Amino acid sequence: MEKITLPIKGMHCVACALTIEKALMKEKGVLGANVNFASEKASLEFNPQKVNLKQIKKVIRQAGYEVVEADSHQKAESQEIGRLKKRLIVSVIFGLPLIYLVMGQMLGLPIPKLSPFYQLFIQFILATVVILVSFELWQSGFKSLVRLKPNMDSLIFMGTAAAYFYSLIISLGFWLNSQEGLPHLYYESAVFILIFITLGKYLEATTKGKTSEAIKKMIELQPKKAVVIRGGKEIKIPVSQVKVGDIVLVKPGEKIPVDGKVTDGYSSVDESMITGESIPVEKKKNDEIIGGTINQTGRLVFQATRVGEETTLAQIIKIVEEAMGSKAPIQLLADKVAYYFVPSVIGIAILALIIWLFLGQSFTFALTVFVSILIIACPCALGLATPTAVMMGTGLAAQNGILIKNSSALEMVQKVNMVVFDKTGTLTKGKPVVTDVLKVTNSKLNVLQIAASLERNSEHPLAQAIIDRAKEKKLKPSPVKSFEAIPGKGIQAKLKNSLVLIGTRKLITENKITINTDTNKMIKKLENQGKTVMLLTIGKKLVGIIAVADTLKEYSKEAVSMLHQMGKKVAIITGDNQRVAKAIAKQVGIDEVLAEVLPQEKAEEIKKLQKQGKMVAMIGDGINDAPALAQADLGIALGSGTDIALETGEIVLIKDDLRDVIKAIDLSQYTLKKIKQNLFWAFFYNSFSIPIAAGILYPFTGWLLSPVIAAAAMAFSSVSVVSNALLMKGYKTRI
């Protein structure tokens, strides 16, 4: 299976997107198609053995739309905005005199004294110029009608064409019969409608573009050039030519071109554009650096480890683009309505025309109703409601170091009531450290120094913790002889001809060394705190206790507390024993403990919670937690800096800060709230406006909606939905 994203030119409303979607889904070999009107892109999953890219493009072309090259898509967007601006200016220049001519007569304003013949002729000429300027819109609407796939442009075409040609026929009759007095015409309505529609489309295009600013900024982060060292010389080359293994030089103030590992130099690097972390990170030899970040203070030389589409930034851009193009389940209802919306509106408009004629109203009255219904209806508001909010939400999240991989995750967050944390590497640092060094006797022996002398010959992770602490204390190890590792128990060796043991209680008792009551109490106290206890003996005497534990991450307790404030239950899942798991749970305030669970059993434990009726979010490091992340209703994976290309997990946290879990939930809920607001106003607008345009108030008030007001309302309905999404820029996280 292959996945591709294709930029598409020529979509005018959500009905266009759905037409393309349905055409693609009919093609053999296409397994999934998702066309996003807001981002003007189609995301497809297809079998390359059954269908190729050329055939896919042909299907889109036959549906009446064009695939454009990815690099020219942004250029096409700006050209479209420029074209709409020119059309608006010309329409206003020729349209305003016509509107003044007609409205001036009605309002008693000073107008040129012209015969009725010339007045009609001027109205006809000015209206025709505006229609010719907007002919692209007529063309699109007519073609969609002929294909029996009507879209928003079809409604505008039918409404304005009806007004224009009705006025033209009346004008011809007037000129041919030399009638007295000006007849009632609709030239100004057609012109006013086209001006408002063009204004609306122009505002929509400019505001719609702002919803994807986050992704555009990310793309701009990608440097164009890199300085590599080849044959002892510094050579400036395009970033696309950098290969894995190349030695790259970055000077202060420059962008780091690709991902790599520092081989020389020391500097502070601004990673805020990737992680959302405002404080610069110090980089030295063997540290990893991320392409697109900014080298601030010193000179760095590094070896390229990821280039092209493999870089962290490229992966982030890909994930965010896919998320922006994905559809939330809540959008399915809006899509179904939008697909049948335009044909329904045409049916309602024709029915209203017939009913008013049947009730004895004039053709002029019935035509006003017909045009108003066609013009006021707005599927664009429905089509833009969800994707604009999703684009803003996922973009904001990415800027905060949170990758929301699909928009269904936004909806699932609302339903989650149980959050399960993996222990090692998620709640804890995943690296054991020495927490306690205790003497059991009054001897002057240095317990840590002796333990480190033995452990430097061991490869056990707990041994490394003791060695690291000894290095911190600048303790020099003593030479030992006859070293022997005793699997599962500890080690023994000779130090200055004395037998030294370090290990478990079992190792000590097997060697018939007694542990007194007070020492036993000390050991149990440490074990109840979830620590691994090692006992040190010299000869037949117990001399010291060393406790090692996997320590909590900095904000673990704060994150759990915030989840409780949100009304969510919290559990811990771990392969450790009950005592260790309960000790960690007690430290951070966790409600439920799932201990002694093997990695392959974690998914089964999540399933058990789901059977209890809980909606589960699983938070893990994305490696041995992959099955559990996939099983959970919502998988949240810790990206740990550059490792963000995780297959499982709908949400990826780039930073190693568990408070980002709360930030992700908070931002998802805020985005969903905006989606619901947008959908409410889009549905409310259409439900309220179409009956009014149909003349439902006329029998009670004698008032009939003008097509001009209908055009203004329609034009600004889409803009209001996009503007509401843009208000998300002001979002402030609680952390």
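The number of residues in region 545-561 that are over 28 Å from residue 415 (Cα atoms), modelled with pLDDT of 90 or more and either open to solvent by 20 Å² or more (accessible area, probe 1.4 Å) or not β-branched (Val, Ile, Thr) (or both) comes to 1.
Taking the conditions (1) over 29 Å from the mean Cα position of the chain (by Cα); (2) open to solvent by 10 Å² or more (accessible area, probe 1.4 Å) in turn, residue 317 satisfies each one other than (1).
One residue alone among 679, 646, 634, 705 is touching a Gly at 6+ places or on another chain (Cβ under 8 Å) and at pLDDT 85 or above, and that residue is 705.
Residue pairs whose Cβ atoms lie under 9 Å apart, sitting 6 or more positions apart in sequence or on different chains, and linking a residue in region 305-320 that is touching a residue at least 40 places away in the same chain (Cβ under 8 Å) to a partner that is open to solvent by 10 Å² or more (accessible area, probe 1.4 Å) and assigned to a strand (DSSP E or B), are 305/261; 305/288; 312/306; 314/306; 315/306. Here residue 714 meets the list (1) modelled with pLDDT of 85 or more; (2) over 30 Å from residue 276 (Cα atoms); (3) open to solvent by less than 60 Å² (accessible area, probe 1.4 Å) almost entirely, failing just condition (1). Of the conditions (1) within 30 Å of residue 725 (Cβ to Cβ); (2) open to solvent by 10 Å² or more (accessible area, probe 1.4 Å), residue 358 clears all except one; give me its number. Looking at each condition in turn, residue 358 falls short on (1). Restricting attention to region 268-295, the residues that are of a type outside the set (Asp, Glu), farther than 18 Å from residue 228 by Cα, buried (at least 17 other Cβ atoms within 10 Å of the Cβ) and touching a strand residue (DSSP E or B) at 6+ places or on another chain (Cβ under 6 Å) add up to 4.
The listed residues are 678, 686, and the only one of them that is crowded, with 23+ Cβ neighbours inside 10 Å, in contact (Cβ under 8 Å) with a residue 60 or more places away in the chain and not hydroxyl-bearing (Ser, Thr, Tyr) turns out to be 678.
Assessment of region 569-579 against the conditions (among the basic types (Lys, Arg), more than 26 Å from residue 615 (Cβ to Cβ) and in contact with a Ser or Thr (Cβ under 8 Å, 6 or more places away or on another chain)) yields no matching residue.
Filter region 186-231 down to the residues that are part of a strand (DSSP E or B) and of a type outside the set (D, E, K, R), then identify the one that is surrounded by the most Cβ atoms within 10 Å (Cβ to Cβ). Selected residue: 226.
Considering each residue of region 41-62 in turn, at least one proves to be more than 21 Å from the chain's Cα centre (by Cα), open to solvent by less than 20 Å² (accessible area, probe 1.4 Å) and without any contact (Cβ under 8 Å) to a residue 40 or more places away in the chain. Of the residues screened, residue 500 is not one that is open to solvent by less than 30 Å² (accessible area, probe 1.4 Å) and more than 20 Å from residue 442 (Cβ to Cβ). Reported count of residues in region 518-534, each being open to solvent by 80 Å² or more (accessible area, probe 1.4 Å) and either hydrophobic (A, V, I, L, M, F, W, C) or touching a residue at least 40 places away in the same chain (Cβ under 8 Å) (or both), is 1. In region 441-486, the qualifying residues are those that are surrounded by fewer than 19 Cβ atoms within 10 Å (Cβ to Cβ) and among the basic types (Lys, Arg), and the one that is modelled with the lowest pLDDT is 444. The sole residue among 545, 515 that is touching a residue at least 60 places away in the same chain (Cβ under 8 Å) and either over 40 Å from the mean Cα position of the chain (by Cα) or part of a loop (DSSP other than H, G, I, E, B) (or both) is 545. Mind listing just one residue for me: the one in region 296-313 that is within 15 Å of residue 238 (Cβ to Cβ) and crowded, with 20+ Cβ neighbours inside 10 Å and, of those, farthest from the chain's Cα centre (by Cα)? Applying the filter and picking the extreme gives 304. With (1) open to solvent by 30 Å² or more (accessible area, probe 1.4 Å); (2) modelled with pLDDT under 85 as the list, and residue 351 as the residue in question, which single condition is left unmet? The one condition residue 351 does not meet is (2).
The values are calculated or read from the model by the stated rules, or taken from the named source; none is laboratory data. No experiment lies behind these values; they were computed from the predicted model shown. When we count neighbours, we look across all protein chains shown, and the Cβ atoms used for this are built from the backbone with ideal geometry, even at glycine. Heavy atoms of the whole protein, side chains included, go into the accessibility calculation; ligands, DNA and RNA do not. Shrake-Rupley method; radii C 1.70, N 1.55, O 1.52, S 1.80 Å.
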